[in-house]
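The values are calculated or read from the model by the stated rules, or taken from the named source; none is laboratory data. From a predicted model like this one, the values you see are computed outputs, not experimental measurements. Please note: Cβ atoms are built from the backbone with ideal geometry, for glycine as well, and neighbour counts cover all protein chains shown. Note: areas computed on protein heavy atoms with side chains; ligands, DNA, RNA excluded. Shrake-Rupley method; radii C 1.70, N 1.55, O 1.52, S 1.80 Å.
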Amino acid sequence: MGGGGGDSGAGAFYDAALQRRQAMMGKSGPAALVKNFKVFSIAAFACIGGVLYGYNQGMFSGVLAMPSFQQHMGEYDPLDPTADQTKKGWLTAILELGAWIGTLLSGFLAEALSRKYGVLVACSVFILGVIIQATSISGGYQTILAGRFITGMGVGSLAMIIPIYNSEVAPPEVRGALVATQQLAICFGIMISFWIDYGTNYIGGVHLGEQSDAAWLVPICLQIAPALLLFVGMIFMPFSPRWLIHHGREEEARKVLSSLRGLSADHELVELEFLEIKAQSLFEKRTVAELFPDLREPTAWNVFKLQFVAIKKLFQTRAMFKRVIVATVTMFFQQWTGINAVLYYAPTIFKQLGLGDNTTSLLATGVVGIVMFLATIPSVLWIDRVGRKPVLTIGAIGMATCHIIIAVIVGKNIDMWQIHPAAGWAAVCMVWLFVIHFGYSWGPCAWIIVAEIWPLSTRPYGVSLGASSNWMNNFIVGQVTPDMLQGITYGTYILFGLLTYMGAAFIWFFVPETKRLTLEEMDVIFGSEGTAQADFERMEEINSEIGLTRILQGDGPGGNGMGKTDHGVSPEKEKVGEHTEDV
């Protein structure tokens with residue numbers, strides 16, 4: 001929620017909840033991770049989904065550079081570097097198109113089937129896509145295109161569902177650390193993919209005619225192993241307590257919480273967290289009942305329709321539209337920094353920068369993965385202290401400057417790399433520095449902005465909209481980069497550089513600092529005063545109704561009967577719709 005709300009409002013209420021919990025559990029930090037080792041291990045295992053996402057981002061760039069792969073793709077990855085590159089872009093970008101669709105469907109899967117079963121479905125889709133890709137040794141580019149599209153659908157779903165699952169099994173004290181682990185998992189997947197490509201490139205030889213098809217089939221097929229591990233492991237993982245409560249399985253939710261926390265089912269800490277989750281569930285149901293009365297019944301079809309109807313609502317007021325602009329434009333600029341142009345086509349880029357030998361370019365690509373992984377760690381640790389705006393702005397200026405320097409080097413030396421090899425390595429170092437700037441800034445911070453600017457009642461749909469912008473622009477960048485590298489050469493870096501400077505200006509002048517702000521304060525800076533206050537008043541009514549307020553005031557879990565309202569009425573017996581007129 002943030003911690004800047006003062007002594008009143010939602011911030012004060014949740015500070016009281018946090019203090020009450022910390023009195024029993026201790027403060028956040030490494031010690032809390034040790035105490036919650038079971039939850040930490042579950043979340044870390046689920047982050048295999050993030051590794052798969054990162055591995056897919058990085059792996060295909062090396063495969064595209066392998067001659068044994070190119071000879072199977074014909075005009076879709078021509079051996080002639082001067083040939084039309086548009087179709088080569090499709091081989092890469094088709095995955096992002098699939099991921100965009102997977103993202104749109106993931107909210108439905110996670111809510112209708114559960115987060116746990118949603119991950120199983122996403123893994124199954126992912127594995128099917130990899131199997132289809134593995135047949136491309138005979139099927140050619142058609143099977144690569146089909147397989148990568150289907151794999152993308154799995155990747156998009158995993159990238160959305162895993163953070164939701166981790167945030168809902170984690171206690172509040174370590175939730176931020178466990179969700180941030182997803183970003184590190186993605187960077188880890190990128191890093192290992194580059195080095196696997198570097199190793200398999202030697203299978204049979206490194207030149208056309210001697211390199212084995214295993215050089216590119218192995219990195220593609222290796223994805224099946226972690227995907228199968230995640231699938232099998234998730235069968236034995238617990239359901240999300242939040243999903244169980246939201247679907248009326250409250251006793252099962254208590255047992256899951258008790259097991260996750262290593263405490264008895266009637267322990268006050270378990271009771272406190274159970275009621276907090278229940279309050280959030282009731283809040284969502286009553287919000288839907290008020291805003292979308294026709295969709296209040298949680299049927300599969302209503303859950304599917306709700307995402308799109310709710311997103312439409314975000315465009316109907318000026319204040320909410322401002323938040324839409326911040327989320328979607330931030331994600332636009334994140335992709336047009338050119339980061340995925342580097343991740344998808346790094347070996348091609350390094351060859352253009354004078355590293356003519358494919359092995360050397362793959363080695364340079366491996367360094368990209370290492371520096372990006374290491375650069376992400378400080379941001380995870382310090383972003384809440386430094387703030388979003390300065391980190392994003394400095395990162396964008398750094399990335400843009402690297403692009404311009406690369407453009408100048410390429411413009412002066414594009415046909416003279418053999419004469420000036422030092423210039424080529426200088427450009428390579430600028431690419432590495434660019435990746436470092438992205439790792440600590442726009443990698444994690446853009447997602448933080450997108451996640452925290454929304455009122456409670458619209459957050460799931462706002463984040464989904466931001467993710468859609470990310471994947472669609474990701475698709476466009478993947479599609480056009482080969483043509484730009486061939487057609488305008490150093491102009492590619494000028495374009496990315498100018499757009500990234502514009503991204504820095506957008507963040508500095510149009511995006512407010514959101515560090516440690518409560519939802520009420522978000523309302524003030526976005527000009528929608530009262531939206532979060534109305535949300536809080538609804539939540540305050542629910543907290544009082546189910547007995548959570550009474551616990552936080554020190555009366556303990558006994559009171560007049562846990563789970564009953566202050567009037568002695570069990571909230572399960574009151575229909576959601578009967579409360580809408582009170583909100």
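Remark: the SER264-THR317 segment gains 14.4 nm on full extension, using 0.36 nm per residue and subtracting the alpha carbon distance. The residues of region 389-518 present an accessible area of 37 Å² per residue when probed at 1.4 Å with all protein chains retained. Round to a whole number: what % of the accessible area of region 128-210 belongs to carbon and sulfur, probe 1.4 Å? Carbon and sulfur atoms account for 72 percent of the accessible area of region 128-210. Shown is the FRET efficiency for SER124 and TRP508, computed with R0 = 56 Å from the Cβ-Cβ distance and rounded to the nearest 0.05: 0.80. In region 164-307, with Lys and Arg counted as +1 and Asp and Glu as -1 at Cβ, which of these residues, PHE188, SER259, TYR202, has the Cα nearest the positive end of the dipole, that is, farthest along it? My answer, from the dipole projection, is SER259. Full extension of the chain between ALA534 and ALA31 yields a length gain of 177.4 nm, computed as 0.36 nm times the residue separation minus the alpha carbon distance. Going by accessible surface with a 1.4 Å probe and the largest first, TYR344, TYR76 read TYR76, TYR344.
Over region 87-220, accessible surface divided per residue gives 30 Å², non-protein components excluded, 1.4 Å probe.
Normalising the average separation of contacting C-alpha pairs (under 8 angstrom, six or more residues apart) by the number of residues puts the relative contact order of region 267-366 at 10 percent. Using 0.36 nm per residue and subtracting the Cα-Cα separation, the extra length available between SER212 and ILE414 on full extension is 69.6 nm. Using a simple spin-label model with pseudo-atoms 7 Å out from Cα toward Cβ, ASP483 and GLU75 lie 1.5 nm apart. Share of carbon and sulfur in the accessible area of region 246-319 stands at 56%, probe radius 1.4 Å. Here each label is just a point 7 Å from Cα along the line to Cβ, and for ILE235 and PHE45 those points are 1.3 nm apart.
Applying 1/(1 + (r/R0)^6) with R0 = 41 Å to the Cβ-Cβ distance of PHE292 and ALA225 gives a FRET efficiency near 0.45.
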